[in-house]
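Down below is the structure, laid out as structure tokens.
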Amino acid sequence: MSQTIAHPEASEVESSHGHHAELSFFRKYIWSEDHKTIAIQYLFTSLFFLLVGGLLAMGVRYQLAFPGVPVPIIGSFLPSWLVTSAGAIQPGGYNALFTMHATVMVFLVIMPLLIGVFGNFLIPLKIGAPDMAFPFFNALSYWLFLLSGIILLSSFFAPTGFPASGWTSYAPLSSHAQYNGTQIGQSCWCVGLFVNGLASIAGAANYITTVINMRAPGMKMFRLPLPIWALLITAFLLLLAVPVLSAAAAMLFCDLNFGTSFFSSSNYGQPLLWQHLFWFFGHPEVYIMIVPAMGLVSEIISVNSRKPIFGYKAMVFAMVAIGVLGFIVWGHHMFVSGMNLLLSATFSFSTMVIAVPSAIKTFNWMGTVWGGSIKYTTAMCFALAFVSMFVIGGLSGIYMAATPVDLFIHHTYFIVAHIHYVLFGGSLFGVFGAIYFWFPKMFGRMMNETWGKIHFALAFIFFNCTFFPMHNLGLNGMMRRIADPTQYEHLRSQQPVNIFITLSAFALGLSTIPFLINFFYSMFKGPKAPINPWKSTTLEWTVPWPTPHGNFETTPTVYHGPYEYSVPGMEEDYLPQNQPAPDTVRLAAH
Amino acid sequence: MLKQSSRTSLAFLAMVVLLLIASGVCGRAAVRTSDLWWMPEVASKGGVLIDKLTYFIYYLTGAVFVLTQVVYIYFLVKYRSRKGAKATYSHGNNRLELLWTGIPTAIFIGLWGYSNHLWWDVLHAPTPPDTMEVGVLAYQFGFSFQYPGADGKLGQSDVKLIGNDNIFGNDPNDPATKDNFQSSVLELPINKPVRVRLNSRDVIHAFYVPQFRVYQDIVPGRTIDWVWFTPTRLGSYQLACNQLCGSGHYNMKAQIEVVTQEDFDKWYKEKAAAAVIPAGNAPAQSK
């Protein structure tokens, strides 16, 4: 096996590759340092957390539609911090449900699904590297992530239960046990996020090092597939933003348990400091959760349109712009927090500007399907839906970016609709598409397309039935985070909408069943996948399954950019990156 | 018999069209006079301006959404995979990139100019001389209000003075605070500007009245006194806390009564006369 680039870690990986056959079960499946196994560990774990987060959401929706009605069947088995003796969800328990729904979905589902799974799986395979730069750190990162999930969820068994001050945990509600009543849960939240942050930082350092140092010969930066660009930019965001959250969580933990007053309103503390720290992390976080999905979707759309991505460099620069600008827009979460009004004007401006690169990306996706020869695979359906849902989520963001309108719709269901269009219709649809797309390379078998289409149709319809009416609820002045909308005169007429949303949400929850059945059935019984089922150009489709530890038998050489589809004068409609173009063919530079 | 790929693309198209029709129904319903689908009727002067901007953004984003989706869906149908058809080999077009970078940039910056102008007008403009100031105290889980009393002045207050026997933190050395009186209802005269002085005793709460198009967080340890509005419609409203503040958050609200100036003066006189206990004692429980 020839050397990619002189790199000490790479040669270590190769030597461990030499001992491949001797790996024990423990080293192969539990403490594995193979990036592909770690990716699959991330996949199973975060799919499990997706079910947990989804069930929590069902609890939230149940309460909003039927406040005070005992939960059927399971109500009497739920702990007393969550339900009354009759089995109805209590207001405090409701706060705990949505707090943990968001925390689980953000830190244990979307981030690991996009970054843990596809970052780990795709980066070495797509850049032609044998493994990550630091395989040990990679394994450590996964186990820290799992540990953080266990810590976060363990407070379920505490007498006061889950934390209940929202995933944003605004101080001083979160920093004083006498206000929130969930000292143990809130402490678990701080520790869990701190440990989760360590996992993210380890992963990010690893990704950056790998992409910068371990690219195969000929893999110039502007020949990187877009998912790799997206993950590289995301890794930089993680590295710069997550330590701020970790520090803030540690400070909050001290306020809560050791009597410090960083965020207290007395003793020179400052409640707004928490919000600045949290959102300085929190807004880059939003892009951490959408940029990788943009990268994955770009590739799926290009492959299935049989066309080069439209404006490759514009796509890269747009993502870089989002990454940079993402650090100066956090204040738009705080227009009405009591922050200086002039600051609000400034943040409003940067927020309007950051909408531009998102618009550029949308137009380029449309440019990619233009003139294509579109194959409607399940992966493609999810990717195409991603674009439309992202447009809705992006356009609704403009309402909040305009400060005077934010005066009206701040903290209403409008923002709940907005974030779910971006994170569910965006990120999660992107993840579903990517799972259907890369499943053959992960498990060596194809997923069933018919069941995939059924999953897509159900998810698409019920997603929109669930989240679109939330815009209307928000404009009607329905506050987010209230356990019982019927307490308010102006919301009582809205209750039929809430019930409709809840029924749709239950259907949306059930729509994952065909996916899960398809996923697990195909893993064992699906038809064997060819090496390159989608006729794709990138390097991961040149390796056989099961892909050996070390990935490439011989280090590939890269001759051109990643999306050479339908090149005129060629018989096949794709030209893999490791094959030079025939002499008769001239590739257009992008 | 259609090919598999055409059938799926048609199914996809049908779903998108259904969604568009569904959202169209929502849009049409918006015209109805009942408030089932749309914003509650505006009841303040600034709210009218905010609604104008909201509608402007609504039509702008609506047009962008419809245009992009029509083009997108047209492409998706027209360029579906067909036998013998080959995709166009194109890596992009720099002129187009410039166009669709430049136009959105201009629109967004223009929109910022409009909205920022309004932001200062609504929130930061100097209040008219006849503005009434009302103290608002938020606590887990309720609101109390303090009126200036006969002299029309709230007087000095300081968050550091807030305590169980002085819930609004009134400065005892300022004579203007002596005749202040408390209320558990926010009684407001119509068409008269009112400025609220917002304080919190424990955690962050919010002052949210959707009909007035007003939202402001109330931060403990600080006094926020820049929020003002002019009610323009008689009636009862609810002041809601819209910042998660604990287990009782869902029910933290207070009644707002917008009444005629005469009714207000009558109420005010009675309350001021009956204020045997000076403002600052335990939160008032009754009207």
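The values are calculated or read from the model by the stated rules, or taken from the named source; none is laboratory data. Note that the coordinates shown come from a computational prediction; the quantities given were computed from them, not determined experimentally. Note that each Cβ is placed from the backbone with ideal geometry, even for glycine, and that neighbours are counted across all protein chains shown.
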Quiz item: For the stretch B:60-75, does any single residue satisfy the condition of being over 17 Å from A:Ser305 (Cβ atoms), more than 30 Å from the chain's Cα centre (by Cα) and more than 7 Å from chain A (Cβ to nearest Cβ)?
Solution: yes
Quiz item: How about the stretch A:110-143: which of its residues are of a type in the set (Val, Ile, Thr) and more than 27 Å from A:Asn578 (Cβ to Cβ)?
Solution: A:Ile110
Quiz item: Here is a list of conditions, (1) surrounded by 24 or more Cβ atoms within 10 Å (Cβ to Cβ); (2) over 24 Å from A:Ser358 (Cα atoms); (3) modelled with pLDDT of 95 or more, and A:Leu407 meets all of them except one; can you say which number that is?
Solution: (3)
Practice problem: Could you grab me the full set of residues in the stretch B:99-119 that are within 8 Å of another protein chain (Cβ to nearest Cβ), free of Cβ contacts under 8 Å to residues at least 60 places away in the same chain and either within 18 Å of A:Thr351 (Cβ to Cβ) or within 22 Å of the chain's Cα centre (by Cα) (or both)? | Solution: B:Thr101, B:Pro104, B:Thr105, B:Phe108, B:Ile109, B:Leu111, B:Trp112, B:Asn116, B:Trp119
Practice problem: Please identify the pairs in which a residue from the stretch B:141-157 that is within 28 Å of B:Gln238 (Cβ to Cβ) has its Cβ atom under 6 Å from the Cβ atom of a residue that is among the hydroxyl-bearing types (Ser, Thr, Tyr) and surrounded by 17 or more Cβ atoms within 10 Å (Cβ to Cβ), counting only partners at least 6 apart or on another chain. | Solution: B:Phe145/B:Ser183
Quiz item: Within the stretch A:368-391, which residues are of a type in the set (Val, Ile, Thr) and not in a helix (DSSP H, G or I)?
Solution: A:Ile374, A:Thr377
Practice problem: Could you pull out the residue among A:Val297, A:Val320 that is touching a residue at least 24 places away in the same chain (Cβ under 8 Å), in a helix (DSSP H, G or I) and surrounded by 20 or more Cβ atoms within 10 Å (Cβ to Cβ)? | Solution: A:Val297
Exercise. Could you check how many residues of the stretch A:553-576 are within 29 Å of the chain's Cα centre (by Cα) and either under 18 Å from A:Ile228 (Cα atoms) or aliphatic (A, V, I, L, M) (or both)?
Key: 5
Self-check item: Total residues in the stretch B:34-85, condition acidic (Asp, Glu) and not in a helix (DSSP H, G or I)
Solution: 2
Quiz item: Do you know which of the residues in the stretch B:133-157 that are touching a Gly at 6+ places or on another chain (Cβ under 7 Å) and among the aromatic types (Phe, Trp, Tyr) is surrounded by the most Cβ atoms within 10 Å (Cβ to Cβ)?
Solution: B:Phe145
Quiz prompt | Residue in the stretch A:381-398 that is touching a Lys or Arg at 6+ places or on another chain (Cβ under 7 Å), more than 8 Å from every other protein chain (Cβ to nearest Cβ), in contact (Cβ under 8 Å) with a residue 40 or more places away in the chain and over 30 Å from B:Gly46 (Cβ atoms) present | solution = no
Quiz prompt | Complete set of residues in the stretch B:205-242 that are facing chain A (nearest Cβ under 7 Å), out of contact with any Leu (no Cβ under 7 Å at 6 or more places or on another chain), outside any strand (DSSP E or B) and under 18 Å from A:Ser165 (Cα atoms) | solution = B:Pro220, B:Asn242
Quiz item: Any chance the stretch A:459-478 includes a residue that's at the interface with chain B (Cβ under 7 Å from one of its Cβ atoms), free of Cβ contacts under 8 Å to residues at least 60 places away in the same chain, surrounded by fewer than 20 Cβ atoms within 10 Å (Cβ to Cβ) and over 28 Å from the mean Cα position of the chain (by Cα)?
Solution: no
Quiz item: Got at least one residue in the stretch A:331-347 being aliphatic (A, V, I, L, M), touching a Lys or Arg at 6+ places or on another chain (Cβ under 7 Å) and at the interface with chain B (Cβ under 10 Å from one of its Cβ atoms)?
Solution: no
